[in-house]
Amino acid sequence: MRELYRGWPDQLIKALENWNKVELDVDPRTIVICGMGGSGIVGDYARAIAYSKGFDKPIIVVKDYTLPSFVNENDLVIVISYSGSTIETIKCFEEAIKRKCRTYIIASNGILEERASETSTPFLKVSKGLVPRVALPEMLVTLIGILNKVKEIMSKDEAFKCSVFIKENMKAIENRAKYIAEQLYAKIPIILTYEKYAPLAWRIKNELNENAKIPSKVEILPEWGHHDIVGWENPISPGIWHGLLVKDPEDINTSKLIDFANYLLSEKGVRSTSMELRGDNFFEKIIYGSLLAGFTSISLADLYGVDPLVTQSIAKYKGVIKSILS
Ligand code: PA5
C-alpha cells in the first residue's frame, strides 16, 4: 500500500487527462457533491480549495443517501465513488436524476459506470486497481476539472508544480511519518487544527481509522475553545491521548491558538506532536498533509502488525446499509 501512496505525483498528472473530457453548458445555481468515506472527503477538499480561490457559488457536500430538499434542476450534482457501487452515493444519483439535476459521475468502475451509460450522464473515469482513500489526488483533480468549468480555481501548471513538489519531498515525508507514528503508538490521537484545515483533520482521522485500525478524535479551533476545552477540567485517563497538532507555520494567529491548546493539554498530562504543513499554496499544503497522514497511518499499521489494505468492518457495514435501503 505504501507503493500506492508513492504514486501520488503521477496521480496528480494523470487526472489532468479528465479535464479535456469535461463539458458543461450550464451555469448552475449550486454545486452539490455526493460521496462517502475516501470519496466523500474529496468533496470537502474541493470546496475548501474552491473557496480559497474565491469561488462564488454555494458548494454543498452530501455524505448521506438523500439530497437536501432544495436541490432541483438548477443545480449541478456531482457523485463520486471510487468503486462506483456505494449505496448511499447511488441513491443520491438516482434522486438527482429524478429531480432533473445536471449530473456528473466520477468513479473507476461499478454500478455508477453502468448507470452513466443508461442515463447518458457524463462519466469521468479514474484509474482502477487503487484503494478509494489512496485515489484522493486523482479523484480530487478530476473534480476540480469540473469546478473549473464553472469558475477557474486551478491551472494545469499548479497540478504539475504540486506533483514535482511532492516527488521531491517523498523521502522526507516518509521519514517524518515514521517519527509521528512512533509518537502515536499505543495512544488515541486527538487531531487538532484550525477551521481552514478541518477537511485535512477529518482525512487524517479517516486514514488512522482505516489503515492503522485505531479510533481517534478531531477538534477544530476556534470551536474547540467553546466546548471541548471544558472536558479537560475533569480528564479521564489523560495518558491514553496524544495530540497531533496540524499547523500551517505561515499562519501566525492560527499557530498561536494551536499553541494555546497544546499548552492546556500538556498541563493535563497530554503530550503532543506537530504536523507542520509545507508547500507554496493551500493545495500543496493539503496534499502534503494528506500524504504525510497516509504514510503515518501505514507506519502505525506496521507497528500494530495490521494490514492497512483490508477494511472488514466497512464491508460489514455496507452489507447492512444495502439491506436497509434496498
Ligand atoms: O477509503 C475507503 O476505502 C472507504 O472510506 C471508501 O471510500 C468508502 O467506503 C466509500 O466507498 P467508495 O469510495 O468506493 O464509494
Report summary line: Filtering the range 84-101 for residues that are among the hydroxyl-bearing types (Ser, Thr, Tyr) and crowded, with 21+ Cβ neighbours inside 10 Å leaves a count of 2
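Results for (1) within 16 Å of residue 192 (Cβ to Cβ); (2) of a type in the set (D, E, K, R); (3) touching a residue at least 60 places away in the same chain (Cβ under 8 Å), shown as yes or no for each residue.
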{"position": "224", "(1), (2), (3)": "yes, no, no"}
{"position": "239", "(1), (2), (3)": "no, no, no"}
{"position": "247", "(1), (2), (3)": "yes, yes, no"}
{"position": "271", "(1), (2), (3)": "yes, yes, yes"}
{"position": "275", "(1), (2), (3)": "yes, no, yes"}
{"position": "308", "(1), (2), (3)": "no, no, yes"}
{"position": "311", "(1), (2), (3)": "no, no, yes"}
{"position": "322", "(1), (2), (3)": "no, yes, yes"}
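Results for (1) of a type in the set (Val, Ile, Thr); (2) within 30 Å of residue 171 (Cα to Cα); (3) in contact with a helix residue (DSSP H, G or I) (Cβ under 8 Å, 6 or more places away or on another chain); (4) in contact (Cβ under 8 Å) with a residue 24 or more places away in the chain, shown as yes or no for each residue.
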{"residue": "15", "(1), (2), (3), (4)": "no, yes, yes, yes"}
{"residue": "33", "(1), (2), (3), (4)": "yes, no, yes, yes"}
{"residue": "36", "(1), (2), (3), (4)": "no, no, yes, yes"}
{"residue": "42", "(1), (2), (3), (4)": "yes, yes, yes, yes"}
{"residue": "45", "(1), (2), (3), (4)": "no, yes, yes, yes"}
{"residue": "75", "(1), (2), (3), (4)": "no, no, no, yes"}
{"residue": "88", "(1), (2), (3), (4)": "no, no, yes, yes"}
{"residue": "96", "(1), (2), (3), (4)": "no, no, no, yes"}
**Report entry** Residue count for the range 102-138, restricted to those that are farther than 18 Å from residue 24 by Cβ, more than 10 Å from the ligand (Cβ to nearest atom) and open to solvent by less than 10 Å² (accessible area, probe 1.4 Å)
**Finding:** 3
Query raised in the report: Exactly one of (1) under 21 Å from the mean Cα position of the chain (by Cα); (2) without any contact (Cβ under 8 Å) to a residue 60 or more places away in the chain is unmet by residue 173. Its number?
Result: (2)
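Residues 175, 169: which one is part of a helix (DSSP H, G or I) and either touching a strand residue (DSSP E or B) at 6+ places or on another chain (Cβ under 8 Å) or surrounded by fewer than 17 Cβ atoms within 10 Å (Cβ to Cβ) (or both)?
On the way: 169 fails: either touching a strand residue (DSSP E or B) at 6+ places or on another chain (Cβ under 8 Å) or surrounded by fewer than 17 Cβ atoms within 10 Å (Cβ to Cβ) (or both).
Matching residue, one of 175, 169: 175.
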Requested in this report: Would you mind telling me which numbered condition in (1) within 16 Å of the ligand (Cβ to nearest atom); (2) more than 30 Å from residue 94 (Cβ to Cβ) residue 171 fails?
Outcome: (1)
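The values are calculated or read from the model by the stated rules, or taken from the named source; none is laboratory data. Quick caveat: nothing in here was measured; it's all calculated off a predicted structure. Neighbour counts are summed over all protein chains in view; Cβ atoms, including those assigned to glycine, are modelled from backbone coordinates with ideal geometry. The accessibility values were calculated without ligands, DNA or RNA, using every heavy atom of the protein model including side chains. Shrake-Rupley method; radii C 1.70, N 1.55, O 1.52, S 1.80 Å.
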